[in-house]
Structure formats: structure tokens, C-alpha cells
Amino acid sequence: MTHAPALLVIDMQNALAEIAHRAPETIAVIAGLRARARAAGVPVVTVQHHGGGLGPGTHGWRIVPELAPAQGESVIAKTSADSFLDTRLDATLAALGVTELLVTGFATEICVDTTARQALSRRYDLVLVADGHTTSVRGGDGPYAEPARSVAHHNEIFRHLDFPGRSIRVLPAAEVDFGAPDGTR
């Protein structure tokens, strides 16, 4: 089977960036990766959450300007943590011939984790971009892990997941190569 990656950008919307840990750094990482993907002819698919205060057309609902989809790029509307559930994502990826998803976005332990696992269950190979996902800022006295620990924790979990027949890699954006893992395409 031919190796065909796509870059997935999940929920990088204004309202969510406003509450995100290391938002400027994460946006910059994803923007750099997106520019490299486009230059390599790799599709970029943007997922945009609807609901929960993110109403279409509002400032908070819009994708951050640095990651606004280009003309002709796919934008998938979702209403749950799972970017595949009741959306066109799987059909869009199939139409593009995608075999591997490079996952980035917000929020690490919710939408990023759920979508990455669903991608594996749907037989896509996976690259979790280690520095390309983030979560909300929160105090250390609540039930959630503090943001940096949550990101590190999920990166480590994905390094040790085993889905037979699937390639799973956790790479910083600087190490992402849009060619096949073995150097072929």
C-alpha cells in the first residue's frame, strides 16, 4: 500500500486558544508543520468544533488566523470529542487516499486523544506530533493533571500503545518527515 499522510488540525479555534497552555508556541509549531505539509503536497484537514458556546460565525468559533484553512482545504465540523463521530472525516480521508494521520490540536486528553485512538481503530497509521497538541490552562489543585504533565503523559502513552498492523509514532514537529517511515513514498 502506498504511504499517504495527511495533517489533521483539531479545534484550533479562537476561544480554545484563549484558554490553551502554550497557545502561541503550539500554534507556531502547527503553522510550521502545515507549511511543510503544503510544500510536500500533503493534505491538511482542519476539524472545527460546533456547540458548547462555539457557534458558527462567532469570533470564538473561528480557526485562529495563523491556521485558517486555505482555499480548497477540507474543514470538518464536529460536535463531540471524536472527530470521526457523525462527521465526514473518514470519507474525506478515504477520498484523499490517506493512510497515515499526523495529529495536532486541542485538547490533548479529550479531542486529540479520542480522535487519535479512533484513527487507529479505523486502520490509519498515526503520528502524534509531540509538541503540536495542547490542553487548557488550569490550576494544580483540581482533578486534572497540570497541562505540561498532561501533554507529556499522553505522548508517553502513545509511545507504548500497540495496535497490531498499525504504525504509531510520537515525534516532535522538527522530526516529522512527510515521506514514508522507511524513506519511500
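Just one of the listed residues (LEU7, LEU33) is at pLDDT 95 or above, part of a strand (DSSP E or B) and farther than 25 Å from GLU146 by Cα, and it is LEU7. The residue pairs whose first member lies in segment 53-64 and is among the small types (Gly, Ala, Ser), whose second member is at pLDDT below 90, and whose beta carbons are closer than 8 Å, counting only pairs six or more residues apart or on different chains, are GLY60/GLY53.
The listed residues are ALA70, ALA91, and the only one of them that is under 19 Å from GLY32 (Cα atoms) and surrounded by fewer than 15 Cβ atoms within 10 Å (Cβ to Cβ) turns out to be ALA70. Candidates in segment 100-125 are the residues that are more than 22 Å from PRO147 (Cα to Cα) and within 15 Å of the chain's Cα centre (by Cα); of these, the one that is surrounded by the fewest Cβ atoms within 10 Å (Cβ to Cβ) is GLN118. Tell me which of these GLU175 doesn't satisfy, since it passes every other one: (1) in contact (Cβ under 8 Å) with a residue 24 or more places away in the chain; (2) at negative phi; (3) not hydrophobic (A, V, I, L, M, F, W, C). It is condition (1) that GLU175 fails. Within segment 36-58, the residues that satisfy the criterion of being part of a strand (DSSP E or B) and crowded, with 20+ Cβ neighbours inside 10 Å are VAL44, VAL45, THR46, VAL47, GLN48, HIS49.
Looking at ASP141, ASP113, ASP131, can you tell me which residue is among the acidic types (Asp, Glu) and in a loop (DSSP other than H, G, I, E, B)? Show your work before the answer.
On the way: ASP113 fails: in a loop (DSSP other than H, G, I, E, B); ASP131 fails: in a loop (DSSP other than H, G, I, E, B).
Unique residue meeting the criteria: ASP141.
Could you please find all residues in segment 1-12 being surrounded by fewer than 24 Cβ atoms within 10 Å (Cβ to Cβ) and either free of Cβ contacts under 8 Å to residues at least 12 places away in the same chain or out of contact with any Pro (no Cβ under 7 Å at 6 or more places or on another chain) (or both)? Quick ask: steps written out before the conclusion?
As a first pass, look at segment 1-12 and keep what is surrounded by fewer than 24 Cβ atoms within 10 Å (Cβ to Cβ): 1-4, 6.
Selection gives MET1, THR2, HIS3, ALA4.
The values are calculated or read from the model by the stated rules, or taken from the named source; none is laboratory data. Just so it is clear, the model here is predicted, and its values are computed rather than measured. For neighbour counting, all protein chains shown are included, and Cβ atoms are generated from backbone atoms with ideal geometry for every residue, glycine included.
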